[in-house]
Structures are given as structure tokens and as C-alpha cells.
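A.B. asks: Here it is, the structure, as C-alpha cells.
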């Protein structure tokens, strides 16, 4: 229970671009271009290049701690890439507003991590 409370009180690091473009639908693909994403003091993902077309199924296979969940968590912006770009239908993910629930309209930041 302590870990859950710790997560709920963790600072929010995802900041929405006030001029971001809302996507009305998903039409073509998700593309990772030279993406990296560190976790704490360790870089889990580095130089990831991947294109997943709409309707395609892929399998992320690897040992525990290899970055499978971290990679998947980049798409809904639970984390942002620290280098490279994640594009959804050609739009850089950092410019797409995060989910509307749990947002603070005045600061354009998510106020709840979950």
C-alpha cells in the first residue's frame, strides 16, 4: 500500500504543449525514431526505431526489465521520450495533449499520474 501512495504522490513530469494538436482519430501508424527513455539512473531504451501500422499486431519479447512496458507506456504518454521522436500519424507525441481526465486546464499539466 505504501508503494501505491508513493506513486499517487509522485510529481507529474508530463507537460502538455499549450498549442498542441488534438488527434481526432488514428489513421496510419505509430513510429519510434531513435527513441530513448531512461528509468531512474538507467537508460532502458536507446536508439529504438520501429514503425507499427494501424491494424498490425506486434510482440514485444524480452527478459524482465528489458523495456517492453516502458516502450508501450510511451504511446499514451505515461512517459515522454528523452531523445528521438515518437510520432502518431506523423505528429510528434509531445505536441499531442495527454488524456483529458485528471488535467488542470490552467497549467496544462496532468495532476494525477493514474
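A.B. asks: Specify the residue that is farthest from residue 37 (Cα to Cα); the eligible residues are those in region 92-114 that are in a strand (DSSP E or B) and at pLDDT below 75. Step through it out loud before you land on a result.
C.D. replies: Going residue by residue through region 92-114, those that are in a strand (DSSP E or B) are 92, 103-104, 109-110.
Those still in the list that are at pLDDT below 75 too: 103-104, 109-110.
Values: 103: 23, 104: 25, 109: 20, 110: 19 Å.
Across region 92-114, the extreme among qualifying residues is 104.
A.B. asks: State all residues of region 1-37 that are within 18 Å of residue 71 (Cβ to Cβ) and without any contact (Cβ under 8 Å) to a residue 60 or more places away in the chain; if no residue qualifies, say none. Spell out how you get there, then give the answer.
C.D. replies: Looking only at region 1-37, we keep the residues that are within 18 Å of residue 71 (Cβ to Cβ), and these are 13-14, 26, 29-37.
Within region 1-37, 30, 31, 32, 33, 34, 35, 36, 37 qualify.
A.B. asks: Hey, another quick one. Could you grab me the full set of residues in region 5-32 that are in a strand (DSSP E or B) and under 17 Å from residue 94 (Cβ atoms)? Spell out the reasoning first.
C.D. replies: Residues of region 5-32 that are in a strand (DSSP E or B), as a first pass: 15, 29-32.
Scanning region 5-32 gives 15, 30, 31, 32.
A.B. asks: Inspect all residues belonging to region 75-86 and state whether any of them is at pLDDT 95 or above, within 24 Å of residue 7 (Cβ to Cβ) and touching a strand residue (DSSP E or B) at 6+ places or on another chain (Cβ under 9 Å).
C.D. replies: Yes, because at least one residue in region 75-86 is at pLDDT 95 or above, within 24 Å of residue 7 (Cβ to Cβ) and touching a strand residue (DSSP E or B) at 6+ places or on another chain (Cβ under 9 Å).
A.B. asks: With respect to residue 89, is the statement that it is in contact with a strand residue (DSSP E or B) (Cβ under 9 Å, 6 or more places away or on another chain), modelled with pLDDT of 65 or more and under 26 Å from residue 42 (Cβ atoms) true? Let's see the steps before the verdict.
C.D. replies: On the way: in contact with a strand residue (DSSP E or B) (Cβ under 9 Å, 6 or more places away or on another chain): yes; modelled with pLDDT of 65 or more: yes; under 26 Å from residue 42 (Cβ atoms): no.
No; evaluated as a whole, the condition is false for this residue.
A.B. asks: Confirm whether residue 37 is part of a strand (DSSP E or B), at pLDDT below 90, touching a strand residue (DSSP E or B) at 6+ places or on another chain (Cβ under 6 Å) and closer than 24 Å to residue 10 by Cα.
C.D. replies: Details: part of a strand (DSSP E or B): yes; at pLDDT below 90: yes; touching a strand residue (DSSP E or B) at 6+ places or on another chain (Cβ under 6 Å): yes; closer than 24 Å to residue 10 by Cα: yes.
Judged against the criteria, residue 37 is a match.
A.B. asks: Is it the case, given these coordinates, that residue 55 is assigned to a loop (DSSP other than H, G, I, E, B) and more than 11 Å from the chain's Cα centre (by Cα)?
C.D. replies: When the stated conditions are applied, residue 55 passes them.
A.B. asks: If you check 70, 43, which single one turns out to be touching a strand residue (DSSP E or B) at 6+ places or on another chain (Cβ under 8 Å), without any contact (Cβ under 8 Å) to a residue 40 or more places away in the chain and assigned to a strand (DSSP E or B)?
C.D. replies: None of the other options fit; the residue is 43.
The values are calculated or read from the model by the stated rules, or taken from the named source; none is laboratory data. All values derive from a computational prediction rather than experimental measurement. Positions of Cβ are backbone-derived with ideal geometry, glycine not excepted, and every protein chain shown enters the neighbour counts.
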